[in-house]
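The values are calculated or read from the model by the stated rules, or taken from the named source; none is laboratory data. Since we're looking at a predicted model, the values are computed, not measured. Counting neighbours? That spans all protein chains shown, and the Cβs are built from the backbone with ideal geometry, glycine included. Accessible surface is based on the protein model in full, side chains and every heavy atom, while ligands, DNA and RNA are left aside. Shrake-Rupley method; radii C 1.70, N 1.55, O 1.52, S 1.80 Å.
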Amino acid sequence: MRIELETEQKNDDNYLSPATVLTEEGERVINPTKGMTPKQKLSYFATYYLPKIAFGLVMAAIAFGFAALTIFKHEPEVNIIFVNHHMTDTSLVAETLYPYLEEIGIKKQSREININAACNINLTDFGTYESKNTFDALIASRDYSLLFIDEENFKLCADATYFRYLNEFLTDDAISSYGEENILTGYDDLTGERYVCGLKLNRENCPWLKETNYETVCVGILFSDVENDKIKPLLQYILNYRSGE
């Protein structure tokens, strides 16, 4: 019985046989699509190049998206957290800050004022676990400059080194004018020392509180990404606020 070897290549449209040449380094493709039909060339392109191009386009889109968010992200001029304010509508409070925007040359726009008053918590009560997580997320975002909070919770935050040194933004004389009983200290976890980090305010020493539903409240300056030249004038405006200005 005679066995004949099949030497003729099958006419398969899906068969890909790139042209090669022998070199010192071995076999090398010199023209991958030479001799292919249009259908085979399209199949070759889809197999070897299309996934790489698609991957490159996806990565470029992701990079562009991050760049756009960074470049075009709008940062309000006012970033405040009210804790235990018990009112989520802060539109009337925001109105008291429009003169401040005018002072610094910013057009009166609501989007320039970001007041978050959604946190109602007791940091000593694990029953408010969900609210505490919300509060921690706001602090961790580093988007807010001033924190207004009741005295008990302020002290817990101060001992956890939430606040910056107050004398970075107010003079020693200005701080002393509030009286020793209204000057609050925190714990510096780097040095182990106590430092002045906040003030206890009431409607007498801070008339601005009359525009809120706080009778008394403590204020501290958070560690954040807000620039100092946005924090200092805002704090001084609030502390020196005069109704009708």
With every protein chain left in place, what is the accessible area of E130 in Å² (1.4 Å probe, nearest 10)? 150
Neighbourhood net charge (12 Å Cβ-Cβ; Lys/Arg +1, Asp/Glu -1) for I121: -4
Not counting ligands, DNA or RNA, and with a 1.4 Å probe, what is D189's accessible surface area in Å² rounded to the nearest 10? 100
Extension gain D159-D229, at 0.36 nm per residue separation less the Cα-Cα distance, in nm? 22.6 nm
Rounded to the nearest 0.05, FRET efficiency between T124 and E103 (Cβ-Cβ, R0 30 Å) equals 0.15
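Mind checking the alpha-carbon convex hull of the range 141-198 and giving the volume per residue in Å³?
98
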Just how much of K39 is accessible, in Å², when a 1.4 Å probe is used and the result is rounded to the nearest 10? 130
Over the range 94-245, calculate the relative contact order: mean separation of alpha carbon pairs under 8 Å at least 6 apart, over the residue count, as a percent. 25
